[in-house]
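What follows draws every value from the coordinates through simple rules; no lab data is involved. Computed from a predicted structure; not experimentally measured. With ideal geometry, Cβ positions are generated from the backbone for all residues, glycine too; neighbour counts draw on all protein chains shown.
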Ligand SMILES: Cc1ncc(C[n+]2csc(CCOP(=O)(O)OP(=O)(O)O)c2C)c(N)n1
Ligand code: SF4
Ligand code: SF4
Ligand code: SF4
């Protein structure tokens, strides 16, 4: 059976660290960084490769930070 | 090097399923982290991109946190005096009927100082879309009580909570405009979860499609957090909204195709 895999690109400098996206991720892919971006926010980072490209994170992000890819392998 | 978990083999154009719409500019929005205004802007912009009406759309921005909406929407936007957006939108639509015209207004703008403009534009059935962001508070000016503030809800001007004995009850203006014959589509949605966001986008799409068909006024209320005004983190603010706003401001369609929806 085809497996769905995904990946996201996070535009770190646009991220405001609101954490709304991690709350929406079904696979616990997202956490906040220790470092801060140019605006001083802890930005969101990927902490595993379990993304399924569901777009939940991108859809709830108020700042259009996340680009989503999805493929069947 | 730190592990990035990037999968470059998946990041190809044919696998792209979501990216920022071209109907938003690249300007970073001034909204507080996690504020629903950003999400609502994005949904309006996505609908306009998907309908291919970017060059035919004119938005009317309010006074409130979204006063600078013209910096973010990548199409024409006129900023209106406080509460007057529906009157300005009426004029634009009547002069340029081939354009898609919408207002974007907060609850202080739409349901306090602009109550008359709101009700009369709805009653006249102007062929426009009104996008109404209800966060139950005056965000921009420092979290004062709004007509939409819930009973018991603390704000900077009701620090012990809204006392309905002296301050009156919250105004459900969406229920009021739904009763007016001029409104064609009236709905209340939210932007706190992926499912809610997707539903809100469908409602906005329906609203703009109605305008295309000259159906009259479509009114889309979006419940949204003002986490700064509510003095909660964004995630906690969204939870507070579910627990406190939703029981009072029930989500769902109030009127579709000019027919009231009976919720009982
Ligand atoms: C004529 C006039 N009266 C009052 C104000 C002050 N004022 C600015 S924004 C605002 C209310 C904004 O609240 P809301 O519409 O709920 O928008 P939000 O900021 O919460 O998005 C008020 C009262 C003003 N700018 N102009
Ligand atoms: S696309 Fe879905 S699975 Fe991937 S990070 Fe975002 S929410 Fe998580
Ligand atoms: S929702 Fe957007 S702005 Fe908020 S933490 Fe996630 S990526 Fe950053
Ligand atoms: S004050 Fe409230 S409404 Fe205004 S940007 Fe901040 S969170 Fe949003």
- Item | C-alpha center-to-center spacing [the range B:220-261, the range A:11-47] in angstrom | 25 Å
- Length gained when the stretch residue B:157-residue B:56 is fully extended (0.36 nm per residue, less Cα-Cα span): 32.2 nm
- Task: Using only the alpha carbons, work out the radius of gyration and Dmax of the protein assembly as shown in angstrom.
- Result: 20.1, 65
- Task: Kindly identify chain B as rounded, prolate or oblate by the Cα gyration tensor criterion: order the square roots of the eigenvalues as a ≥ b ≥ c, call it rounded if a/c is under 1.5, otherwise compare a/b with b/c, prolate if a/b is larger, else oblate.
- Result: oblate
- Expressed in angstrom and ordered largest first, the alpha-carbon extents of the range B:201-245 along the principal axes are 42, 17, 15
- Item | Virtual spin-label span in nm between residue A:48 and residue B:236, 7 Å along Cα→Cβ | 2.8 nm
- Message: At 1.567 mPa s and 4 °C, plugging the Kirkwood radius over alpha-carbon pairs of chain A into Stokes-Einstein gives what diffusion coefficient in µm²/s?
- Response: 105 µm²/s
- Message: From the alpha carbon gyration tensor of the range B:118-264, can you work out the equivalent ellipsoid semi-axes (sqrt of 5 times each eigenvalue) and give them in Å, largest to smallest?
- Response: 28, 17, 13
- Item | chain B, helix-only ellipticity at 222 nm - DSSP H runs n ≥ 4, -39,500 (n - 2.57), divided by all residues, nearest 500 | -8500 deg cm²/dmol
- Compactness summary of the range B:13-90: radius of gyration and Dmax from Cα atoms, Å, are 13.3, 45
- Query: In nm, to one decimal, how far is the modelled label at residue B:123 from the one at residue B:79, with both set 7 Å along Cα→Cβ?
  - Reply: 3.1 nm
- Task: Take the Cβ-Cβ distance between residue B:19 and residue B:205 as r, set R0 to 22 Å, and report the resulting FRET efficiency rounded to the nearest 0.05.
- Result: 0.75
- Distance between modelled label sites at residue B:71 and residue A:27, nm, 7 Å Cα→Cβ extension: 3.6 nm
- Zero-based 5 Å bins, Cα pair distances in the range B:186-264, whole percents: 3, 15, 22, 21, 17, 11, 7, 4, 0
